[in-house]
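Okay, so here's the structure we're looking at.
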Amino acid sequence: QGNSKLRAVGVTTVKLIGGKVVDLQTKYMPLPEVESEATKASVEEYFKDPYFNESVGTLTTEATKMGLAHFMADEGRRVAGADMGFYHIGGTRIASLAEGDVARAKIFELEPFNSDMVITTMSLKEIEEMIFNKFNDKVNYKESHRVDLIPSGLRYTIITNKAGDAVAVKLYPEVKKELYKVAVSNYVYENKTYNYTRRAEEGRTPLVTTYLIDRLAEGPYTPDNTPRGEMR
C-alpha cells in the first residue's frame, strides 16, 4: 500500500550495475475505487457481533479528541509506572466519545493499530528536543505545526515566530528530576519523523486497547479535556 486508505500502491524501481544501486525511482500507482461487497458484509458482521457491542465501562462526561488522547497517555503512563507519558494526537482515531456506556468496538475504533507504549528514559532536554523537532517537521508536514505530542505528567508551551515555526519550548513537569521514566507510544519511538535522541527501550506496556478496557472495567472514568500543550 502506498499513501493511505488503499488509494494507491507504491512502486519502486531499482537499477543496479555490478551489484551496486545506481538509481532508485519511486512512484504511486492509483487504484480504482471499488467497493467489495464481500468485505463490506464482513465488516458489518463484526459490528453486529455482541462481543464488540458489549459495554466495557462508562464515561461520566463526554470525552473530546483531546480527552481521549489524554486517556491514552495517562493510562499508558500509569500501567508503565512512568513519570511521564506521551501519545500522539494522530493516533486518536475518533473525534469524541459520548457520556455513558462505552462499547468494546469504540475502543478498537479509537485505536485500530495494535499499538503499545515503549518504556524508556529521557531528560527534559530530550523531551524538549522531541517536541521542538516534531513541531518543525518538514518531512511529514501534516503532523507538524500543531500540538502533536499529548503529554501526561507535564504541560508545555511552544513559542513560535512570525513564520509559525517553533523557536523554543517551555516545559512544566509535575516533578523535576535529572532523568525521567517515560512511556511513549511505539509509533513515536519507532517513526523517524520524530527526530530526537532515543535511549534504549526498557520494556513495553500491554496493548493500548487492553489497558484502556482494563481501566474502564475498574469503574466510571472522568475524561480530562483541558489541553496540556499550547502554542504562543
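Rule-based calculations on the coordinates, nothing more; no lab input. Everything numeric in this text was worked out from a predicted model, so none of it was measured. Note that we place each Cβ from the backbone using ideal geometry, even for glycine, and neighbour counts take in every protein chain shown.
Gaussian network model of the chain, Cα springs within a sub-10 Å range: biggest mean-square fluctuation belongs to which of GLU109, GLU174, GLU33?
Highest fluctuation among the options: GLU33.
Please find, in a Gaussian network model of the chain (springs between Cα atoms separated by less than 10 Å), the residue of LYS177, LYS27, LYS106 whose mean-square fluctuation is greatest.
The residue with the greatest mean-square fluctuation here is LYS27.
Just how far, in whole angstrom, is region 180-211 from region 50-113 if you go by their alpha carbon centroids?
18 Å
Using alpha carbons only, what's the Rg to Rh ratio of region 128-232 with Rh from Kirkwood? Working shown, then result.
On the way: Rg = 15.4 Å, Rh = 15.6 Å.
On the Cα set of region 128-232, Rg over Rh gives 0.99.
Lys and Arg at +1, Asp and Glu at -1: add these up for the other residues within a Cβ distance under 11 Å of PHE52 and post the number. Please list the in-between numbers first.
On the way: positive: LYS48, ARG104, LYS106; negative: GLU45, ASP49, GLU54, GLU109.
For residues surrounding PHE52, the net value is -1.
Does the chain classify as rounded, prolate or oblate by the C-alpha gyration tensor (a ≥ b ≥ c root eigenvalues; a/c under 1.5 gives rounded; else a/b over b/c gives prolate, otherwise oblate)? Before the final figure, lay out each step's value.
Working: a/c = 1.79, a/b = 1.05, b/c = 1.71.
Oblate is the answer for the chain, as a/c is 1.5 or above yet b/c matches or exceeds a/b.
If you plug each phi of region 95-106 into the Karplus form 6.51 cos²θ - 1.76 cosθ + 1.60 with θ = phi - 60°, what whole-Hz ³J(HN,Hα) values come out, in order, with x for Gly and Pro?
Each residue of region 95-106 in turn: 6, 5, 10, 6, 4, x, 5, 10, 6, 4, 4, 5 Hz.
Using only the Cα atoms of region 15-57, what do you get for the radius of gyration and for Dmax, in Å?
According to the Cα coordinates of region 15-57, Rg and Dmax are 22.4, 62 Å.
When the chain is modelled as a GNM with alpha-carbon springs shorter than 10 Å, which of VAL34, VAL167, VAL184 fluctuates the most?
VAL34
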